[in-house]
Amino acid sequence: MKRSLTSLAAGITLLMAGTHAGLAAEQLSVLHWWTSGGESKAIRVLKDDMTKQGYEWKDFAIAGGAGAAAMTALKTQVISGNAPSAAQIKGPLIQDWADQDMLVNVDQSATDWKAHSPSQIDSSMKAGGHYVAAPFSVHRINWLWINKVDLEKVGGAAPTTWPEFFALAEKFRAAGITPVAHGGQPWQDMTIWETVVLSQGADFYRKVLVDLDQKTLTSPQMVQVFEIVQKIRGYFDKGYHGRDWNLATAMVISGSGGMQFMGDWAKGEFANANKKPDADYICAAAPGTSNAYTYTVDSFAFFQQNGKKQASPGQLALAKTIMSVDFQQQFSLYKGSIPVRLDVSMDKFDSCARKSFADEQATIKSGAFLPSLAFGNLQSPVTAGAITDVVTNFMNSNEDPKEGVRKLAAAAKIK
Ligand code: GAL
């Protein structure tokens, strides 16, 4: 008996070796923009998982926060007939690629997704009723990150209103701390602007950015948004132009910067630097936004390989892994986000993630769980691009807020 088991084991080993030697492992080429410390730690979990499952991971990491450079690289790859097995794409762009008949469906791997995800997110992974993308996690955008030591030094508290915010910014400035750490790149400018829009209320946000309602877009309240944004700009340091988001986060981590407006991938950087919420830093909803939640969901969309309309075994395995309970948990622990899956325990998560989860659930109920325009989860790329141009131009000039509003209303008409 013992001998036959031994020879069986030897046979299996040989068989496996034969498989490895004979059949080349399927290569998964994967395009994404996760290159910062926290981001790369998070995506490495997936790479290791797929490698363990016997797939060869070919990484196309294209640096550049929020993925503008990655989206250009993706177009080049597709045009030259080298579409990746999976690419990080989100929101309406998923539909665009599906409309071009470039994607494959991964329904087979998605049998329990609907039952365990918020419905807004679940439906955005589908085109023509089929799953063509797999979601990683939910990032909240409307956060303000504050260095706790700096805060104590100036005797301040996390601001809940704009007047409190500006008072704190003044205190930081007086103490020689850069009040607002920022990177002057269009998407980071949009992060601030969009958050200020949200501070005027979820209904206002919806009318402005979801409905593109001209009356609200040209209202005095919109002028106020531009005025607040202009005032915030006054608290950046001189070196903000072109700075990457993670370098701005590094300023808050070291304490040379007091605060940063950024989605919670910033928390991935704090975690990577061994900093703890409540002890080293504070995550607070940006002023005036505690009852609302702007979100972005990262996802991988799956591209046809060699003209095949069906997903490959590797693509199916990738989709299944991304939405598995274990992966969802570990990825978000590194990334700073919360899982898409609602059946993942939050026990291992820190206070910021738990707050994010509680607020997600509350705002889904109240109707204040809102997709982010800045991160491509809302509007066509053309409209979003036109609005972004107006905002960035405003933040880099001394334009009158009323002129900003006039241009915004015109940009919102560009389809
Ligand atoms: C966002 C993405 C995040 C994070 C960020 C900065 O678009 O959703 O996961 O990576 O860009 O790179």
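Structure notes:
- Once C-alpha pairs closer than 8 Å and six or more residues apart are averaged by separation and normalised to the residue number of the chain, the relative contact order reads 26 percent.
- Cα shape, the stretch 181-227, gyration tensor, a/c 1.5 rule: prolate
- Burial order of peptide ranges 123-135, 394-406 (average beta-carbon count within 10 Å, highest first): 123-135, 394-406
- Whole-percent pair-distance distribution, where bins are 10 Å wide, for the alpha carbons of the stretch 318-387: 18, 37, 34, 11, 0
- The packing ranking of peptides 269-280, 248-259, highest mean first, is 248-259, 269-280, where packing means the average number of other beta carbon atoms within 10 angstrom of each residue.
- Counting only lysines at least 8 places from LYS41 when in the same chain, those with an alpha carbon closer than 27 Å to its own are LYS52, LYS58, LYS75, LYS90, LYS148, LYS267, LYS275, LYS276, LYS320, LYS335, LYS348, LYS355.
- Beta bridges per DSSP with both ends in the chain, % antiparallel, nearest 5: 60
- Anisotropy class of the stretch 183-319 from Cα gyration tensor, a/c 1.5 cut: oblate
- Pairwise centroid distance, computed over Cα atoms, of the stretch 268-283 with the stretch 219-256, Å: 20
- 0 to 90° range, to nearest 10: angle between helix 401-411 axis and the chain longest Cα axis: 40
- Measuring nothing but how far apart in sequence close Cα pairs (under 8 Å, 6+ apart) lie, relative to its length, the stretch 91-191 scores a relative contact order of 19 percent.
- Rounded to 10°, Cα long-axis angle of helix 351-366 versus longest principal axis of the chain: 80
- For LEU103, residues with placed amide H under 5 Å, excluding near neighbours: GLN304
- Applying the Karplus relation 6.51 cos²θ - 1.76 cosθ + 1.60 with θ = phi - 60° to the stretch 202-211 yields 3J(HN,Hα) values of 5, 5, 4, 4, 5, 5, 6, 9, 8, 7 Hz, where x marks Gly and Pro.
- Rolled with a 1.4 Å probe across the full set of protein chains, the surface gives ILE192 an accessible area near 0 Å².
- Of the solvent-accessible surface of the chain, computed with a 1.4 Å probe and all protein chains present, 55% belongs to carbon and sulfur.
- Long-range amide H partners of GLN27 with built H, under 5 Å: GLU56
- Inverse of mean 1/r across different Cα pairs in the stretch 72-165, Kirkwood, Å: 16.8
- Amide proton proximity set for TRP143, modelled H, under 5 Å, gap of 5+: MET262, ALA286
- Helix 37-52 and the longest principal axis of the C-alpha atoms of the chain enclose an angle of approximately 10°.
- Span from the the stretch 122-136 Cα centroid across to the the stretch 300-378 one, whole angstrom: 12
- Only Cα pairs under 8 Å and 6+ residues apart enter the sum, and on that basis the relative contact order of the stretch 34-169 stands at 13 percent.
The values are calculated or read from the model by the stated rules, or taken from the named source; none is laboratory data. From a predicted model like this one, the values you see are computed outputs, not experimental measurements. Heads up, the Cβs are rebuilt from the backbone with ideal geometry, glycines too, and the neighbour counts pull from every protein chain shown. Only protein heavy atoms, including side chains, enter the accessible area calculation; ligands, DNA and RNA are left aside. Shrake-Rupley method; radii C 1.70, N 1.55, O 1.52, S 1.80 Å.
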